[in-house]
Amino acid sequence: DELVSLGSLFGRIETDLRQLMPDGIALTVHVDGGRASPELANALVLIVNEFVSNSVKHAFGDGGGSISIAIEAGADRWAIICRDDGNATAEDAGKAIAGSGLGTRVIQSLATSMGTVAQWHADGSGLELRMESTIA
């Protein structure tokens, strides 16, 4: 299989997503690492899309804020950390863990198919999603 360059892929995704973002919400995407299988790249894109759209919908009320995505991919492991600085609480993280919304259910399903667990954390100063796995 041809491997996908995550840097160029997520450069395009970041540009596309920024054009869809409401004013006042900043997005940064940082990729550390080179290439990934098309399956992993596709799953990471879906996770980013779901996290960003949920943050835009729910995190900031009428105000602005920022969303950051960090992706690491090496030969034997990968990780993704998505964060926003919205107003999510531990209760919101619990709802995400429970898969109460479509977006979080999509992310949970992707995590399962990728052999990992979606870890959600929030303390009133934003929501964090962390996933990582070794590559067999």
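The values are calculated or read from the model by the stated rules, or taken from the named source; none is laboratory data. None of these values were measured; they are calculated from a predicted model. Positions of Cβ are generated from backbone atoms using ideal geometry, with glycine treated the same way; all protein chains shown enter the neighbour counts. The accessibility values were calculated without ligands, DNA or RNA, using every heavy atom of the protein model including side chains. Shrake-Rupley method; radii C 1.70, N 1.55, O 1.52, S 1.80 Å.
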Solvent-accessible surface (1.4 angstrom probe) belonging to ASP84, in square angstrom, nearest 10: 10 Å²
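Take the alpha carbon gyration tensor of region 1-82, find the square roots of its eigenvalues, order them as a ≥ b ≥ c, and report rounded if a/c is under 1.5; if not, report prolate when a/b exceeds b/c, else oblate.
On the way: a/c = 2.46, a/b = 2.23, b/c = 1.11.
Verdict is prolate for region 1-82.
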Karplus 3J(HN,Hα) series, Hz, for region 37-50 with 6.51 cos²θ - 1.76 cosθ + 1.60 (x for Gly, Pro): 5, x, 5, 5, 4, 4, 5, 4, 4, 4, 4, 4, 4, 5
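Classify region 5-50: rounded, prolate or oblate, from the alpha-carbon gyration tensor (a ≥ b ≥ c, eigenvalue square roots; a/c under 1.5 rounded; otherwise prolate if a/b is larger than b/c)?
Values: a/c = 2.66, a/b = 1.87, b/c = 1.42.
Verdict is prolate for region 5-50.
How would GLU2, GLU72, GLU14 rank on accessible area, largest to smallest, probe 1.4 Å? Don't jump to the answer; show the numbers that get you there.
Details: GLU2 155, GLU72 80, GLU14 30 Å².
From most accessible down to least: GLU2, GLU72, GLU14.
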Area of LEU129 that stays accessible when all protein chains are in place (1.4 Å probe, Å², to 10): 0 Å²
Mean separation of Cα contacts under 8 Å (6+ apart) over length of the chain, as relative contact order %: 24 percent
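Work out the FRET efficiency for LYS57 and SER5 from their Cβ-Cβ distance, taking R0 = 41 Å, and round it to the nearest 0.05. List each step's numbers first, then the result.
On the way: r = 30 Å, r/R0 = 0.73.
Using R0 = 41 Å, I get an efficiency of 0.85.
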ARG35 accessible area, assembled protein chains, probe 1.4 Å, Å²: 140 Å²
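Just the number, please: carbon plus sulfur as a percent of the accessible area of the chain, 1.4 Å probe, no ligands or DNA/RNA counted. Write out the running numbers ahead of the final one.
Details: 3700 of 7220 Å².
About 51 percent, which is the carbon plus sulfur part of the accessible surface.
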Prolate/oblate/rounded label for region 5-136 (Cα gyration tensor, a/c 1.5): oblate
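Kindly provide the helix-only [θ] at 222 nm of the chain, computed as the sum of -39,500 (n - 2.57) over DSSP H runs of four or more divided by all residues, to the nearest 500 deg cm²/dmol?
Value at 222 nm, helices only, nearest 500: -13500 deg cm²/dmol.
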Accessible area per residue, Å², the chain with all protein chains present, probe 1.4 Å: 53 Å²
